[in-house]
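Engineer: Below is the structure I would like to discuss, written out as structure tokens.
Just so it is clear, none of the values below were taken in a lab; they were calculated from the coordinates. Just so you know, these numbers come straight off a predicted model, no measurement behind them. Every residue, glycine as well, gets a Cβ built from its backbone with ideal geometry; the counts of neighbours run over all protein chains shown.
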Amino acid sequence: MVSLLNPLKMVYATKRPKGKGKWYGIGIDIEKCIGCASCARVCKVENNVPNEPFYFRNWVEQYTITNDDEIIVSSPNGGIDGFTQPVPDEEIYKTFFVPKMCNHCAKSPCTQVCPVGASFESPEGIALVDQNYCIGCGYCLQACPYGCRYVDYDKGVIDKCTLCYHRIKKDLDPACMMACPTEARIYGDLNDKKSAISQFIKDNNCAVLKPQLNTESKLFYNDLSQEVH
Amino acid sequence: MPVQVKRLLIVFAVFIGLMIGLKVIFTPESWREYGAYRGYALTEIADKEAKYVQMETCVMCHDSIGELKDQGMHINLQCELCHGPGYIHIEDENVDMLIPEDDQFCVRCHAINAARPQDIIKQIDAEEHSEGEECIMCHNPHQPGL
């Protein structure tokens, strides 16, 4: 009923809490990522993700830009199988690793398109899937511009990164955050000015993926190159 | 009012009543508690079991290894990255955790790759450096400086 009176409210999945409520954001430092894919590996174990390729809640890609301006993207089993350089050193102009995961967007397209209301954002800003309500239509899979959802064929529902909601509620860190050996991954409360993530955004030149789609992604990359799509 | 209009209004009332009744019956209890979704789903998701226990829990018992690790470059590394999740072991210490001997555990991070920053991690070419020997023959994984 409220949404009929104020249609603008429907665009935001959850309103950012003013004052004391938590509003989770994520930061990834591309300068520090060494492409070990510990984050991808640990996530699969922690969240019972099927072990086959293409079922990922988060994964790592290697971007190689050659001297001829060719962009090569490689992600062997999401990075879990180890990266090999596609071209020898002399031909590389620049190369780096980009870990990707659910961006937990504030204006997430995935929550807007769900026909039953199984895809939603928690009050803290974490995009979640209600697996007991999901009908498995896959519309959210198509809607997500970052490609971070997958079908859990055993249950017939959609699954995705939950920012380890079950761990956050027990005062543990999300699996991928604790696994990173170089501390390239940070998460925290964007409403708290003293949190690590707020400091990360202030100290670094941060960018988000696909800003033109206006998803208000809360995953901030440091040192993100324009070739990353 | 003509009788047809009255009959139509009765039919409308029946159908609208049916729709409202079905909506009341079938809407889950926690619907709209926080937003347009089942509020109970938050509890269901939060109740899942956490598998990785994190380093602080490991060193509560394995404190000597923890101190050894604190002296070397692997100080920030989580134990469970190589040893697997610890949630079973902390309940029943007789259940062994994974003891990695394969080189793949080391090569994952230390293999030479142009995208890896040289100042953050030492890299080696696996065949040239060790010539077929295992990494742990020469390096202590808890304190690689030894």
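Engineer: So which pairs qualify, if the first residue must be in the stretch A:19-41 and facing another protein chain (nearest Cβ under 7 Å), the second must be among the hydroxyl-bearing types (Ser, Thr, Tyr), the Cβ gap must be under 6 Å, and the two must be at least 6 apart or on different chains?
Structural biologist: A:32/A:182; A:34/A:182
Engineer: Separate question: Does the stretch A:174-187 hold any residues that are more than 7 Å from chain B (Cβ to nearest Cβ) and either without any contact (Cβ under 8 Å) to a residue 24 or more places away in the chain or in contact with a Phe, Trp or Tyr (Cβ under 8 Å, 6 or more places away or on another chain) (or both), and which are they?
Structural biologist: Within the stretch A:174-187, A:174, A:177, A:186, A:187 qualify.
Engineer: Which of the residues that make up the stretch A:205-220 are surrounded by fewer than 16 Cβ atoms within 10 Å (Cβ to Cβ), of a type in the set (S, T, N, Q) and on the phi < 0 side of the Ramachandran plot?
Structural biologist: A:205, A:212
Engineer: In the stretch B:39-146, which helices (runs of 4 or more DSSP H) lie fully inside it and hold 3 or more residues that are within 8 Å of another protein chain (Cβ to nearest Cβ) and without any contact (Cβ under 8 Å) to a residue 24 or more places away in the chain?
Structural biologist: By residue number, B:40-46, B:104-110.
Engineer: For residue A:199, work out the one condition from (1) within 14 Å of chain B (Cβ to nearest Cβ); (2) without any contact (Cβ under 8 Å) to a residue 60 or more places away in the chain; (3) surrounded by fewer than 17 Cβ atoms within 10 Å (Cβ to Cβ) it doesn't fulfil.
Structural biologist: Going through the list (1) within 14 Å of chain B (Cβ to nearest Cβ); (2) without any contact (Cβ under 8 Å) to a residue 60 or more places away in the chain; (3) surrounded by fewer than 17 Cβ atoms within 10 Å (Cβ to Cβ), residue A:199 breaks only (1).
Engineer: For the stretch A:49-132, list the strands (runs of 3 or more DSSP E) that sit wholly inside it and hold at least 3 residues that are surrounded by 15 or more Cβ atoms within 10 Å (Cβ to Cβ); which are they?
Structural biologist: The strands (runs of 3 or more DSSP E) meeting that bar are A:58-66, A:92-101, A:119-121, A:127-129.
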